[in-house]
Structure formats: structure tokens, C-alpha cells
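Here's the structure, in C-alpha cells; my notes come after.
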Amino acid sequence: MDQDWEDRILCSDESCIGVIGPDGRCKECGRPYEGELPGTVSTTPRAAEDEEQRQQDSDIDDHPAPDDETAASDDEWAQRRLCTDENCIGVIGPDGRCKECGKPA
């Protein structure tokens, strides 16, 4: 099994799916880890190499120019209404209810 996978520290917020980064904060929600960190979170040479590779990957523009269909779906994405229950991942449908949990808007 991958050592990085075994050594990860999960966010202390049980509703979050993130992991704690070298700065002691969750990479997903940004919250600081609650309590004392188990072990030390440090930037190892491998982590530095991974960060360098991520930076290089982000410098490469591998996204094609949006076409009309992509632009339309982007508009739909921007217009969505999220469920009022902050623990739910659903969106409000045309019937005024969350498509995931059914809670009314």
C-alpha cells in the first residue's frame, strides 16, 4: 500500500473529506486541525517533488477553449441552488426540493 496513503491525517471535521496539509490546515475546507497533530506533518523531499510536479501541471493549459455546449453547462452550474442543509451535497430541483435528501428549499 502507498505510504503517503497510510500517513495521511484526516480533517477533524467529520463532515469534511479533506486531509491535513503541511501547514496544519485541511486542504479541503481550510480548518486548522483540532487538538494535537498525531506525529509531525512535514514537507518531505517527496512531498516537495509532488508540489513541484503539481505546479508544473498547473502551468500547462490542457483545457480546450469552451464551445457553446460547454458554456451552456457552465451557466447551469453557476445558476444551481444548493440544499439548505449544510450536511447535504444536493441541489434544489425544479420542484423546489433537494434532489438528494428531499428537503424543501
**Message:** Here is a list: 34, 52. Which entry is out of contact with any Asp or Glu (no Cβ under 9 Å at 6 or more places or on another chain), exposed (fewer than 12 other Cβ atoms within 10 Å of the Cβ), at pLDDT below 90 and of a type in the set (Asp, Glu)?
**Reply:** 52
**Prompt:** Any idea which of 93, 39 is at pLDDT 90 or above and small (Gly, Ala, Ser)?
**Reply:** 93
**Request:** Just give me the residues in the stretch 1-12 being modelled with pLDDT under 90 and open to solvent by less than 60 Å² (accessible area, probe 1.4 Å), in sequence order.
**Result:** 12
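Within the stretch 13-31, which residues are farther than 22 Å from residue 89 by Cα, touching a strand residue (DSSP E or B) at 6+ places or on another chain (Cβ under 7 Å) and open to solvent by 80 Å² or more (accessible area, probe 1.4 Å)? Walk me through how you get there before you give the answer.
Kept after step one, since they are farther than 22 Å from residue 89 by Cα, are these residues of the stretch 13-31: 21-25.
This time we only want the ones that are touching a strand residue (DSSP E or B) at 6+ places or on another chain (Cβ under 7 Å), so: 24-25.
Scanning the stretch 13-31 gives a single hit, 25.
The values are calculated or read from the model by the stated rules, or taken from the named source; none is laboratory data. Bear in mind the structure is a predicted one, so any value in this text is a computation, not a measurement. Ideal geometry is used to build each Cβ from the backbone, glycine not excepted, and the neighbour counts take in all protein chains shown. Keep in mind that these areas ignore ligands, DNA and RNA; they rest on the heavy atoms of the full protein, side chains included. Shrake-Rupley method; radii C 1.70, N 1.55, O 1.52, S 1.80 Å.
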